[in-house]
Amino acid sequence: MNFLSPAGSLGIVRCALAFLLAGCAANQPYHLGEAPTETAVTPAGSGSVKDIYRLGFIEFDEQGDFWDRDQLRKTVQAIRDTGRGILLVTYIHGWQNNSNSTDAADIGQFRSLLALLTADQTVQMSGLQVFGVYLGWRGRVVHKVNPVVDALTWVGKEASFYSRKNAATRISSSTPITEAIFTLIKTARRDTPGNSRCVVIGHSFGALVLEKALAQALVGTLLYEQPFAPGVEKSRADRVFKPADLILLVNSAAESIYSKEMIDMYRDTTPLRGAPHVIMISSDADTATGVAFPIGTKLSNAPKLFSGSFRKYHEDGRDTSQFNYFTQTPGHNDSLQSHRLVPVAKGKSDLGGDPFDVNLKNRPGSYENVTLYTGTRHDWTQWRIERQGPNQTNYWVLRVPKQIIPGHSPIFEGESRDLMAALFRLATTPEAAERSVPLKVRGSAEGPVQKTEQRLQRKKSGETVVTPVQPSSSDRHPPQH
């Protein structure tokens with residue numbers, strides 16, 4: 001064949017297109033028909049009880065609808081079949097991730113967090129069953145294939161910012177995502193014995209989804225008030241209800257206007273400087289939300305700016321354009337900051353445990369000037385969460401240095417995991433009590449549960465690492481498009 005001929009040139013184009021399309025991640029689910037998996041965790045060292053956690057996937061399509069409502073039903077059934085109180089950790093991933101473990105580093109990292117919680121003595125003594133739920137959507141538009149294909153599809157992957165942001169906004173405005181989150185929380189709190197705890201985490205565009213999906217529900221729960229009974233005194237704090245024990249937004253890739261509106265409402269409806277309802281963490285080193293996001297959103301909002309669509313806000317004796325709230329993320333908008341993580345001390349003495357475990361033993365009920373540890377048990381840094389910024393509400397915006405989160409991601413590794421343990425303890429306390437039921441998990445009513453295993457291993461440096469779970473067959477062999 002003469003490759004310089006028109007027919008040969010067309011052949012080259014066809015081959016190149018086929019090569020590139022091999023990496024396209026279609027709008028599709030990856031876990032249809034699966035019941036939540038069961039993973040046994042072997043702690044590092046001795047003295048801890050071997051236990052299990054479960055992990056379920058619930059997936060949403062490009063328009064925000066369930067791919068299959070049966071995923072929610074199976075997850076709810078598995079929670080009910082657990083037979084004891086639940087430590088429910090629900091996670092919404094962000095850009096460049098989906099629910100296919102060969103594409104999404106988040107899945108393995110989320111599993112590591114669940115394994116550490118499962119092996120932790122404080123959690124084990126509470127009798128709570130760790131149960132993770134991964135809420136998946138098409139945050140990544142190309143599969144990981146090999147270095148060559150990945151390099152060729154890099155531009156398309158990075159150029160998906162606007163389309164993935166629009167998809168996240170659609171999903172956040174749909175009913176199914178809010179239904180899923182609240183159905184899981186309701187089931188964990190009401191349908192299992194014991195005192196269940198519920199944590200919801202969103203990262204990047206997943207934080208946008210979570211914040212907007214819960215906003216209307218938060219408004220309703222904060223403003224709803226039981227009728228006053230004659231002769232019964234009630235305080236302002238009596239009607240403050242948290243839909244989840246901890247709502248954690250990490251490196252949010254949302255316009256800060258959403259947080260401003262919520263903070264304004266919290267300022268008028270809840271006691272100031274109270275225990276946090278929402279904690280937003282933002283890394284100083286996150287250039288994706290601190291630099292790239294403002295550039296992209298300023299370009300898209302420029303026509304509105306020139307047409308006069310944005311008004312002025314009067315804040316602390318100065319005028320601020322509404323434009324800034326549409327082009328800055330909450331964590332990089334100084335008008336919204338409430339706290340900063342500051343270093344206190346460094347040491348190489350034995351903490352008596354990994355920082356993750358030590359932080360889960362913090363004094364319960366304390367949320368002002370909380371101290372915590374990161375690093376390893378023999379090489380640690382002590383930090384303090386200090387109030388810094390004009391935001392005095394319990395809708396926290398916490399800035400952290402590069403040492404905690406080195407960039408936009410990962411968020412479930414090392415120091416960031418240690419911080420999450422302290423925030424979990426700050427917002428919700430597992431009760432230290434003997435287990436009221438045997439360590440037994442019944443099979444799902446939907447069928448047999450796939451079982452896997454993870455081990456915690458302690459390196460010579462003192463760092464604890466978690467072995468990964470092998471991906472399922474559906475992850476190893478995703479459909480090609």
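Given the condition closer than 30 Å to residue 298 by Cα and either touching a Lys or Arg at 6+ places or on another chain (Cβ under 8 Å) or part of a helix (DSSP H, G or I) (or both), answer yes or no: does some residue in region 128-135 qualify?
Checking region 128-135: not a single residue is closer than 30 Å to residue 298 by Cα and either touching a Lys or Arg at 6+ places or on another chain (Cβ under 8 Å) or part of a helix (DSSP H, G or I) (or both).
Limited to region 22-34, what total is found for residues that are open to solvent by less than 20 Å² (accessible area, probe 1.4 Å) and either at pLDDT 90 or above or among the charged types (D, E, K, R) (or both)?
Residues that pass the stated criteria total 2.
Do you know which of the residues in region 226-257 that are at pLDDT below 60 and of a type in the set (D, E, K, R) is farthest from residue 285 (Cα to Cα)?
Ranking the candidates gives 233 first.
Regarding residue 205, is this residue aromatic (Phe, Trp, Tyr) and modelled with pLDDT under 90? Walk me through how you get there before you give the answer.
Values: aromatic (Phe, Trp, Tyr): yes; modelled with pLDDT under 90: no.
The answer is no for residue 205.
Any chance region 39-53 includes a residue that's of a type in the set (D, E, K, R), outside any loop (DSSP other than H, G, I, E, B) and either at pLDDT 85 or above or on the phi > 0 side of the Ramachandran plot (or both)? Quick ask: steps written out before the conclusion?
Applying the first criterion (of a type in the set (D, E, K, R)) to region 39-53 yields 50-51.
Those still in the list that are outside any loop (DSSP other than H, G, I, E, B) too: 51.
So of that shortlist, the ones also either at pLDDT 85 or above or on the phi > 0 side of the Ramachandran plot (or both) come out as 51.
Checked region 39-53: at least one residue is of a type in the set (D, E, K, R), outside any loop (DSSP other than H, G, I, E, B) and either at pLDDT 85 or above or on the phi > 0 side of the Ramachandran plot (or both).
Looking only at region 295-337, which residues are part of a helix (DSSP H, G or I) and farther than 21 Å from residue 389 by Cα?
Hits for region 295-337 are 295, 296, 297, 298, 299, 300, 301, 302, 303, 304, 305, 306.
Right, residue 356: open to solvent by less than 20 Å² (accessible area, probe 1.4 Å), of a type in the set (Phe, Trp, Tyr) and in contact with an Asp or Glu (Cβ under 8 Å, 6 or more places away or on another chain) or not?
Yes.
Conditions first: (1) of a type outside the set (S, T, N, Q); (2) open to solvent by 30 Å² or more (accessible area, probe 1.4 Å); (3) modelled with pLDDT of 85 or more. Residue 64 passes all but one, so which condition is the exception?
Here residue 64 clears every test but (2).
With respect to residue 107, determine if the residue is among the aliphatic types (A, V, I, L, M) and farther than 23 Å from residue 455 by Cα.
No.
Filter region 441-469 for residues that are over 11 Å from residue 38 (Cα atoms) and part of a strand (DSSP E or B); which is modelled with the lowest pLDDT?
This residue is 458.
Does any residue of region 157-178 turn out to be open to solvent by 50 Å² or more (accessible area, probe 1.4 Å), modelled with pLDDT under 80, over 15 Å from the mean Cα position of the chain (by Cα) and at positive phi?
So far as region 157-178 goes, no, none of its residues is open to solvent by 50 Å² or more (accessible area, probe 1.4 Å), modelled with pLDDT under 80, over 15 Å from the mean Cα position of the chain (by Cα) and at positive phi.
Just checking, which of 182, 131 is among the hydrophobic types (A, V, I, L, M, F, W, C) and either at pLDDT below 85 or surrounded by fewer than 24 Cβ atoms within 10 Å (Cβ to Cβ) (or both)? Outline the logic, then answer.
Details: 131 fails: either at pLDDT below 85 or surrounded by fewer than 24 Cβ atoms within 10 Å (Cβ to Cβ) (or both).
Of the residues listed, the single one that is among the hydrophobic types (A, V, I, L, M, F, W, C) and either at pLDDT below 85 or surrounded by fewer than 24 Cβ atoms within 10 Å (Cβ to Cβ) (or both) is 182.
Return the pairs, sorted by first residue and then second, in which the second residue is open to solvent by 20 Å² or more (accessible area, probe 1.4 Å), the first residue lies in region 168-192 and is under 13 Å from residue 217 (Cα atoms), the beta carbons are less than 6 Å apart, and the residues are 6+ apart or on different chains.
Sorted first by the residue in region 168-192, then by its partner, the pairs are 172/212.
Please go through region 310-324 and give me each residue that is within 13 Å of residue 336 (Cα to Cα) and surrounded by 10 or more Cβ atoms within 10 Å (Cβ to Cβ), ordered by number.
Within region 310-324, 315, 320, 324 qualify.
So if I check each of 75, 118, which one is in a helix (DSSP H, G or I) and farther than 25 Å from residue 172 by Cα?
On the way: 75 fails: farther than 25 Å from residue 172 by Cα.
Of 75, 118, the one residue that is in a helix (DSSP H, G or I) and farther than 25 Å from residue 172 by Cα is 118.
Scan region 389-403 for residues that are over 16 Å from the mean Cα position of the chain (by Cα) and either crowded, with 16+ Cβ neighbours inside 10 Å or β-branched (Val, Ile, Thr) (or both) and jot them down.
The answer is 389, 391, 393, 394, 395, 399, 400, 401, 403.
Is at least one residue of region 255-271 among the charged types (D, E, K, R) and either under 21 Å from residue 93 (Cβ atoms) or not in a helix (DSSP H, G or I) (or both)?
If we filter region 255-271 for residues that are among the charged types (D, E, K, R), which is where we start, we get 255, 260-261, 264, 267-268.
Keeping just the survivors that are either under 21 Å from residue 93 (Cβ atoms) or not in a helix (DSSP H, G or I) (or both) gives 255.
For region 255-271, residues among the charged types (D, E, K, R) and either under 21 Å from residue 93 (Cβ atoms) or not in a helix (DSSP H, G or I) (or both): present.
The values are calculated or read from the model by the stated rules, or taken from the named source; none is laboratory data. Because the structure is predicted, anything quoted here is derived from the model rather than measured. Note that each Cβ is placed from the backbone with ideal geometry, even for glycine, and that neighbours are counted across all protein chains shown. Calculation scope for accessible area: heavy atoms of the full protein, side chains included, ligands and nucleic acids excluded. Shrake-Rupley method; radii C 1.70, N 1.55, O 1.52, S 1.80 Å.
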